[in-house]
1. How would you classify segment B:14-92 from its alpha-carbon gyration tensor, with a ≥ b ≥ c the square roots of the eigenvalues: rounded for a/c under 1.5, else prolate if a/b is greater than b/c, otherwise oblate?
2. Specify the angular offset, from 0 to 90 degrees and rounded to the nearest 10, of the alpha carbon long axis of helix B:211-229 from the longest principal axis of the alpha carbons in chain B.
3. Are there any trypsin sites (Lys or Arg not before Pro) in segment A:66-155 that are in a DSSP loop and have at most 13 other Cβ atoms within 10 Å? List them by number.
4. Return the subset of B:Lys47/B:Lys131; A:Lys31/B:Lys20; B:Lys131/B:Lys169; A:Lys75/A:Lys144; B:Lys21/B:Lys131 for which the Cα-Cα distance in this structure is over 30 Å, preserving the input order.
5. Using modelled amide H (1.01 Å from N, peptide plane; none on Pro or chain starts), what sits under 5 Å from the amide H of A:Val72, excluding residues fewer than 5 places away?
6. Of the residues B:Gly152, B:Gly221, B:Gly182, which exhibits the maximal mean-square fluctuation in a Gaussian network model of chain B defined by a 10 Å Cα contact cut-off?
7. How charged is the neighbourhood of B:Tyr165? Take every other residue with its Cβ under 14 Å from the Cβ of B:Tyr165, and add Lys/Arg as +1 and Asp/Glu as -1.
8. Per residue of chain A, what 222 nm ellipticity follows from adding -39500 (n - 2.57) for every DSSP H run with n ≥ 4, rounded to the nearest 500?
Amino acid sequence: MTRKGFLKWLIAGFGALSLAGVLYPIARFLKPPASVAGAIGQVTKVGDVASFPAGQLTPVVVNGQPAAVQNVGGKIAVYSLICTHLGCVVGISGDTFKCPCHGSDFSATGTVTHGPATLPLPTYHSQVQNGSVLVGPVDLSNAKYPAWYVGEFAG
Amino acid sequence: MSTTTQGRAPEPAPAPAAEKKGLVNWVIGRLGLNATMEDQYNRIVPKHATNYIYCFGGIAFVLFVILAITGILLAAYYQPTPDTAYQSVLNISTHVQFGWWIRSIHRWSAGGMVLLVFIHTLRVFFTGAYKAPRELNWLTGVLLFLITLGFGFTGYLLPWDQKAYWATKVGTDIAGSVPVLGHFLLVTLRGGEQISAATLGRFFDLHVLVLPAIIVALLLGHFWMIRRHGISGRL
């Protein structure tokens, strides 16, 4: 291989690499995010009732978002784990919620017991069918949730 | 030079002496643009113009190309209605993969293009490059500068947040203060007396359809003229 030929290939190679470096993010950008692709009317099976111990909160993922399943004597409730203050992921502490970012606490029913958050954690529509827990859309009917918070679930 | 003789089929035109290889050269040859391209390749940049201050127009054009590409991509997710505009921009920035990247490039290139078109205009002014025979190129340049500002003004409303709303309110109020024509300009820009869904629709229309068509036409004229005139002489 001549020196000139080698340099030609080198330049073409770097050119192709640069092009790939631009085209790859563009291709990824054009692929719709998963939660947008199938958000409407989507029901997620998060597990069997038996896999959620009574009196506890068990973390699960619903539509790519963190949530927790609560089992109180066979009665299932699913809470979002996105803090209503600034959107951090809330931690589970026993049967209550504790946000590590700014110290908001939420009771076992999702209500605020300690600020700075002012709005309760929203629940997901859920039901038990044939022993499995099915989770539907999040309930954001409380009009006080700000646009950015609603956007967290919009995908 | 025709060499046709009676009773014989005309000979094919002689092939160009040395046809260059490669697909690009083949296309150029078939379009009959050999001489034109040869002329373009052989332009010599005058020594006084091998200076960074002569680069601003070119950089502004590169930014325009980047803005066109990222803008087309953003339009794949953006929704120009008051109910969904802000949410769709938020979606681009927080959920779409590389969305924050594409949107940031668009945003920063937009600011950069305004700056560079302005500096390029200053360079042309202070080197006297607007003088005869280049007056028409100066005029297209002034229009290009105004179109660039128009892109900035219309694009600013699209995220539909508080800053966008009030910037547009103030901007269109200024248009409304023009004597005689003011009220006409204001309602034409806003699509009504108040800023509304119609305003967002019109600004989106201007930003992605009207202004791009105008700027491409003006850029072609701008570049064609710089090729006709060549780079202006030294000071």
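1. Details: a/c = 5.36, a/b = 1.89, b/c = 2.83.
Verdict is oblate for segment B:14-92.
2. 40 degrees
3. On the way: sites: A:Lys75, A:Lys98, A:Lys144; in loops: A:Lys144.
Listed in order of number, the matching sites are A:Lys144.
4. Details: B:Lys47/B:Lys131 20 Å; A:Lys31/B:Lys20 41 Å; B:Lys131/B:Lys169 39 Å; A:Lys75/A:Lys144 27 Å; B:Lys21/B:Lys131 42 Å.
Too far apart for the 30 Å limit: A:Lys31/B:Lys20; B:Lys131/B:Lys169; B:Lys21/B:Lys131.
5. When sequence neighbours closer than 5 places are left aside, the close amide H contacts are A:Gly55, A:Ala77.
6. B:Gly182
7. On the way: positive: B:Lys163, B:Lys169, B:Arg190; negative: B:Asp161, B:Asp173.
Summing Lys and Arg as +1 and Asp and Glu as -1 gives +1.
8. Values: 3 runs with 40 residues, N = 155.
When only DSSP H runs of four or more count, the value is -8000 deg cm²/dmol.
All of the numbers you see were taken from the coordinates with simple rules; none came from a lab. Because the structure is a prediction, the values reported are computed rather than measured. Please note: Cβ atoms are built from the backbone with ideal geometry, for glycine as well, and neighbour counts cover all protein chains shown.
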